[in-house]
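Q: Here it is, the structure in full.
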Amino acid sequence: MKRRAFIGTLAASSTASALLNQQAGATAQGPKAAKPMKITLLGTGTPAPSLTRQSSGFLFEVGDALIVMDHGPGAHQRLLESGHRAVDVTHAFFTHLHYDHCMEYDRLVLQRWDQGADKIADLNVYGPPPIKRMTDLLFGDDGVYGPDIRARIQHQSSIDVFKARGGTAPRKRPAPNVREVHPGDVVEGKGWKVTVGKATHVQPYLECLAYRLDGEDGSVCYTGDSGASDEIVELARGCDMLIHMNHYFSGTAPSPAYRAACGNHKDNALTAKRAGVKTLVLTHVLAQIDQPRIREQIVHEIQQVFDGKVVWGEDLTQLTLAGSPIANIEGY
Ligand SMILES: [Zn+2]
């Protein structure tokens with residue numbers, strides 16, 4: 001079994017499993033079971049270049065929505081590798097506008113627009129200010145992609161391709177529905193709800209958010225980038241899963257400011273314990289800690305404090321809130 005898949009099996013939560021079994025039982029007797037939420041880690045890296053870890057990106061399949069949270073460089077390639085395309089994505093949430101969390105926003109919007117041929121709904125986008133201004137500066141008439149968009153709308157060859165994809169001229173501009181959100185805001189969909197929380201990161205230069213996603217089969221909190229804080233503990237309280245930045249080895253921060261903005265693995269252990277989550281998923285991993293023995297030491301030290309499950313996140317790790325049962329040993 002691949003290590004990624006094996007680690008995924010460790011995410012089993014007995015309570016969530018029981019809930020899932022109850023729902024499966026309910027199906028046989030009539031009421032329809034909720035489709036389990038599926039989570040794919042698209043990018044578990046940092047701003048540092050890496051061939052194994054792309055920058056931040058997470059995919060949540062919940063109800064009839066396909067939600068991405070953050071879309072840093074490389075995350076879109078991982079989206080394709082996960083079996084989805086830009087046109088499948090219905091909602092995009094951004095925690096903050098550091099480039100390693102938003103640099104492929106343009107790719108997501110433009111490929112969705114181009115391939116969607118005006119046959120799909122506009123993308124719903126949520127994030128802190130200035131996400132609206134960023135959107136205008138990218139896709140507006142005078143924006144970075146203004147000339148490209150104009151050419152694709154007006155040149156006959158592009159119109160022909162657009163029609164071949166099923167579009168009806170005149171072609172519309174890409175127009176994501178952008179809503180700027182702040183801590184305390186709530187976004188609701190069919191069978192899911194996102195609550196916006198505050199991350200502690202690089203304020204006041206960037207507003208930094210965290211998100212809690214509640215679905216019918218449980219809850220997951222994604223902190224974005226954050227050091228330890230009471231706000232994160234409250235947002236994540238009781239979640240089945242906490243996806244948390246785990247940037248570096250505790251004790252090696254170059255300054256107190258760095259630790260306050262990024263936290264460390266011992267801070268994360270305490271956050272997970274205080275919040276009472278069932279599974280802690282570690283992401284935003286620097287090469288410093290992404291090595292044999294170091295990663296096992298980190299997981300071990302976290303488990304000295306936090307008695308839930310710990311998942312060492314990898315790009316394309318797939319998780320459910322219920323985890324996966326341990327399979328029987330196969331005979332030969
Ligand atoms: Zn950041």
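Readers should treat all values here as calculations from the given coordinates under stated rules, not as data from a laboratory. Model, not experiment: these values are computed from the prediction. Virtual Cβ from ideal backbone geometry, glycine too; neighbours counted across all protein chains shown.
Q: Quick one: Cα centre-to-centre distance for the range 274-303 and the range 119-153, in angstrom?
A: Using only Cα atoms to place each centre, the spacing works out to 37 Å.
Q: Suppose a student asked you for the relative contact order of the chain, using Cα pairs under 8 Å spaced at least 6 residues apart; what percent would you report?
A: 21 percent
Q: Still on this structure: Normalising by the residue count of the range 203-332, find the relative contact order in percent from Cα pairs under 8 Å and 6+ residues apart. Write out the running numbers ahead of the final one.
A: Values: 208 pairs, mean separation 29.8, N = 130.
Answer for the range 203-332 is 23 percent.
Q: Charges only on Cβ, +1 for Lys and Arg, -1 for Asp and Glu: so what's the dipole of the chain about the Cα centre, in debye to the nearest 20?
A: Details: 35 positive and 36 negative charges, 90 e Å.
Roughly 440 debye, rounded to the nearest 20.
Q: Find the centroid of the Cα atoms in the range 307-332 and in the range 48-63, then give the distance between the two in whole Å.
A: Centre-to-centre (Cα) distance: 18 Å.
Q: Find how much the distance from R179 to V305 grows on full extension, using 0.36 nm per residue of separation minus their present alpha carbon separation; answer in nm with one decimal. If you can, show how the numbers build up before the last one.
A: Working: separation 126, 0.36 × 126 = 45.36 nm, distance 3.84 nm.
Stretched fully, the R179-V305 segment lengthens by 41.5 nm.
Q: Below 10 angstrom from the Cβ of P129, what's the summed charge of the other residues (Lys, Arg +1; Asp, Glu -1)? Please list the in-between numbers first.
A: Numbers: positive: K132, R133; negative: E180, E207.
Every neighbour counted, the sum reads 0.
Q: Rounded, prolate or oblate: pick one for the range 118-221, where a ≥ b ≥ c are the square roots of the eigenvalues of its C-alpha gyration tensor, a/c under 1.5 means rounded, and failing that, prolate if a/b is larger than b/c, else oblate. Spell out each step's value before the answer.
A: Working: a/c = 4.11, a/b = 1.73, b/c = 2.38.
Oblate is the answer for the range 118-221, as a/c is 1.5 or above yet b/c matches or exceeds a/b.
Q: Treating the beta-carbon of each Lys and Arg as +1 and of each Asp and Glu as -1, no other charges, what is the dipole magnitude of the range 256-301 about its Cα centre, to the nearest 20 debye?
A: Numbers: 7 positive and 4 negative charges, 35 e Å.
For the range 256-301, the charge dipole is close to 160 debye.
Q: Still on this structure, please answer the following. Given only helices, namely DSSP H runs of n ≥ 4 each adding -39500 (n - 2.57), what is the per-residue ellipticity at 222 nm of the chain, to the nearest 500 deg cm²/dmol? Write down the numbers at each step before the final one.
A: Values: 12 runs with 110 residues, N = 332.
Estimated from H runs of four or more residues: -9500 deg cm²/dmol.
Q: Follow-up question, since we're still on this one. Rounded if a/c is under 1.5, else prolate if a/b beats b/c, else oblate: with a ≥ b ≥ c from the C-alpha gyration tensor eigenvalues square-rooted, which is the range 193-330? Before the final figure, lay out the partial values.
A: On the way: a/c = 1.86, a/b = 1.16, b/c = 1.61.
Oblate, because a/c is 1.5 or more while a/b does not exceed b/c.
Q: Sticking with this structure for a sec: Taking 0.36 nm per residue of sequence separation and subtracting the Cα-Cα distance, how much length would be gained by fully extending the chain between D160 and K119, in nm to one decimal? If you can, show how the numbers build up before the last one.
A: Details: separation 41, 0.36 × 41 = 14.76 nm, distance 1.55 nm.
Result: 13.2 nm gained on full extension.
Q: While we're on this one: What relative contact order, as a whole-number percentage, does the range 143-207 give when Cα pairs under 8 Å and 6 or more residues apart are counted? Kindly include the intermediate steps, with their values, before the conclusion.
A: Values: 36 pairs, mean separation 11.4, N = 65.
Computed over the range 143-207, the figure is 18 percent.
Q: A follow-up question, please. Could you check the simple spin-label distance between K273 and Q77, using points 7 Å along Cα→Cβ, in nm with one decimal?
A: Rounded to a tenth, the inter-label distance reads 3.9 nm.
Q: What is the local net charge at A269, summed over the other residues whose Cβ is closer than 12 Å to its Cβ (Lys, Arg +1; Asp, Glu -1)? Display every interim value, and only then the final one.
A: Numbers: positive: K266, K273, R274; negative: D267, E301, D307.
That sum, taken over residues with Cβ under 12 Å, equals 0.
Q: Using 0.36 nm per residue of separation minus the Cα-Cα distance, give me the extension gain between S324 and A151 in nm, one decimal.
A: Values: separation 173, 0.36 × 173 = 62.28 nm, distance 4.87 nm.
In short, 57.4 nm is gained.
Q: Could you order peptides 197-207, 103-113, 251-261 by the average number of other Cβ atoms within 10 Å of their residues, highest first? Display every interim value, and only then the final one.
A: Numbers: 197-207: 18.5, 103-113: 21.6, 251-261: 13.3.
Result, highest mean first: 103-113, 197-207, 251-261.
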